[in-house]
1. Could you please tell me the mean projected area of the C-alpha convex hull for region 1-142, averaged over all directions and given in square nanometres to one decimal?
2. Semi-axes of the equivalent ellipsoid of region 84-192: what are they in whole Å, largest first, if each equals the square root of 5 times a C-alpha gyration tensor eigenvalue?
3. Per residue and in Å³, how big is the convex hull formed by the alpha-carbon atoms of region 125-268?
4. Can you tell me what share of the DSSP beta bridges in the chain is antiparallel? A percent to the nearest 5 is fine.
5. Given the peptides 154-165, 268-279, arrange them by the average over their residues of other C-beta atoms within 10 Å, most packed first.
6. Restricting to bridges with both residues inside region 125-268, how much of the DSSP beta-bridge set is antiparallel, in percent to the nearest 5?
7. Defining a contact as two alpha carbons under 8 Å apart and six or more residues distant in sequence, what relative contact order in percent does region 125-268 show?
8. What residues qualify as long-range amide H neighbours of Gly212, i.e. H under 5 Å apart, gap of 5 or more or another chain, H built at 1.01 Å from N?
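Read the figures in this text as sums done on the coordinates, not as results from a lab. As the structure is a prediction and not an experimental result, all values here were calculated from the model. Virtual Cβ from ideal backbone geometry, glycine too; neighbours counted across all protein chains shown.
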Amino acid sequence: MNDFSLVLEKCKNLKEKKIPVVVCAQEEELLKSICKCLKENIVKKPILIGDKNKIETILLNEKENLDEFKIVNILDKIEASEKAVEYILNDTGDFLIKGLVDTSIILKAILNKKEELSQGKEIFFSHVALVKVDKLDRLFLLSDAAMNISPGVKEKIKIIENTLIVSKALNIENPKIALIAAKEKVSKKMIATLDAKEITDYYKNTNYIVEGPLALDNAISKKSAEIKGLEGKIKGDADILIMPNIEAGNIFYKSLTYLSNSQIAGILVGAKVPIVITSRADNEESKFLSIALATLV
């Protein structure tokens, strides 16, 4: 998949449209993005939980038909989060969207119902971003730039498994997974290279293509991989980039956002349903694309 237009087309072709549940929905830019998804037939009748007066004022200012939404008046952020989880448990809503509420409050509401939302396995959250930059002819996935601070080998394997959920939803066949570090050689002084080697060995006898450690240039640039005589199957065309820690992931993510001509969608994966976790600093397009991505996962 090489363009977000193909992602959006896939969303629009879904036979059963998804219902987003928005926690503390009284945020103008976010509501604009939700309205755009509604108009483009990506979602249906969003459930908006929060300050009803503020939500309705924003929607009316945008000349929206209030009948297209279910608006639930709950001012308390904890109660709003708990109500949102209730809609998911009742299969009334299909995925969550964070509005004007701390991520920790939403996650706590989910973990309070972890038995019902775990799908029979441990809940492990990680952030997965889908990225398009003008210098590459394809989309790629990036994880984890926002959730796990300093993951070890076991946590990175879980991050990979979560990312594979997203790649499967995007129909990326046999994704090439690069474990990013500062260099390709294993060094006892660089924990990221040691972790990458162990994870590569873990996946060696599976059907997955997982290679590392790999420097970023050799993971995404065929020319760089060729010049350096890189061995392996990736050689500059990785589909998934697994970051060594949150500092590397977050700096890379924000560099893409602010220093390049890029499009980015991001969601939190790991429970029964994805969660759209956007920052108020994110632009309307990013929020729109993130919601669209969540409908596929």
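1. In nm², the orientation-averaged hull projection of region 1-142 is 9.8.
2. Semi-axes (√(5λ), whole Å): 29, 19, 14.
3. Values: hull volume 15.1 nm³, N = 144.
It is 105 Å³ per residue.
4. 35 percent
5. Working: 154-165: 19.7, 268-279: 22.4.
Result, highest mean Cβ count within 10 Å first: 268-279, 154-165.
6. On the way: 10 of 20 bridges.
DSSP beta bridges in region 125-268 are roughly 50 percent antiparallel.
7. 36 percent
8. For Gly212, the qualifying residues are Leu179.
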